[in-house]
Amino acid sequence: MGVARVGMARVGVAAAAALTGGGAGLAAELVWAGRRPLPEFPDIDVSGVVPASAPSGEPPLRVVVLGDSTLTGPGLAAPEDIWLRQAIRRLRLRRAVCVVSLAVGGSRVSDVAARVDEAAVLKPDLAVVAVGSNDVIRGVPVQTLARKLGSVVDSLLDAAPVVAAANMGDLGNVLRFPAPLNIVLHMRSRQAARAIGATIERRRRAVLLDVTRSNPAFRDPGVFVADRFHPNAAGHAAWADSALPGMRLAFDRLFTGHSSPG
């Protein structure tokens, strides 16, 4: 029992050091763990058309997405398996949705910020952003992440009537990260999720996609692909379940004064 207490105390000290900026060694271990020699999978382009629930004669809505591998589904069989496509399909909208993806695996918030102008040119009806996990893994301060994401959302709101932004799930559940790294990531990702939520709540036309509801599902090792990092179709289904209320609200807001989303 004493040894266990000492071990957990050391883990707690190490985690606290990493969280307060004093854990350069742990930060390096986090990056190393993220790059362990494991199978690699290419990005999948989530772009495509989700049909309407019934013929409407109206043009498709354009949804432009920006972010990291959350939206590129490495290891999945098809773009239809990615959580965003699953969620839109489940909404059974009366208008088709044309998804246009600018997402790139490995992106950080600064990478997404660099593509906002490109997204604006596409004139989205709805912009979806899912990014931040790579910032957390690489030790970017949570408040810096939230501030930069807020700037991205503000810029997108100049181009789109509604912006939906995802927070992040518990990165401590990711199989690739052993203890004590998983404990550090557990704490940092929870902090980041709260900060992102607060950032989105301050913007009237922005909607939070709260994927933290999926955290229990990701305690099952069976929801990851062979790289032990990215979720498989079941993991994406759990994300879709969690994001669905936010996606419904985003389309409700988009349709306000025009028609009902379903």
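Readers should treat all values here as calculations from the given coordinates under stated rules, not as data from a laboratory. Owing to the predicted nature of the structure, the values given are computational and were not obtained by experimental measurement. Using ideal geometry, Cβ is built from the backbone for each residue, glycine included, and neighbour counts are taken over all protein chains shown.
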Report summary line: Taking every other residue with Cβ under 15 Å from the Cβ of Arg202 and scoring Lys and Arg +1, Asp and Glu -1, one gets +4
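What is the local net charge at Val104, summed over the other residues whose Cβ is closer than 11 Å to its Cβ (Lys, Arg +1; Asp, Glu -1)?
Around Val104, the surrounding residues sum to -2.
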Query raised in the report: With each label point set 7 Å from Cα along the Cα-Cβ vector, what nm distance links Arg94 and Arg202?
Result: 3.7 nm
Query - Candidates per trypsin sites (Lys or Arg not before Pro) in the range 54-151, loop by DSSP, up to 10 other Cβ within 10 Å - result: none
Requested in this report: Subtract the Cα-Cα distance of Ser110 and Ser56 from 0.36 nm times their separation in residues, and report this length gain in nm to one decimal.
Outcome: 15.6 nm
Query raised in the report: For Leu102, Leu254, what ranking results if the residue with the fewest other Cβ atoms within 10 Å of its Cβ goes first?
Result: Leu102, Leu254
Query - Formal net charge of residues neighbouring Ala160 (Cβ-Cβ distance under 10 Å; K, R +1; D, E -1) - result: +1
Query - Where a label projected 7 Å from the Cα of Asp117 along Cα→Cβ would reach, residues of the range 135-156 with amide N under 15 Å - result: 155-156
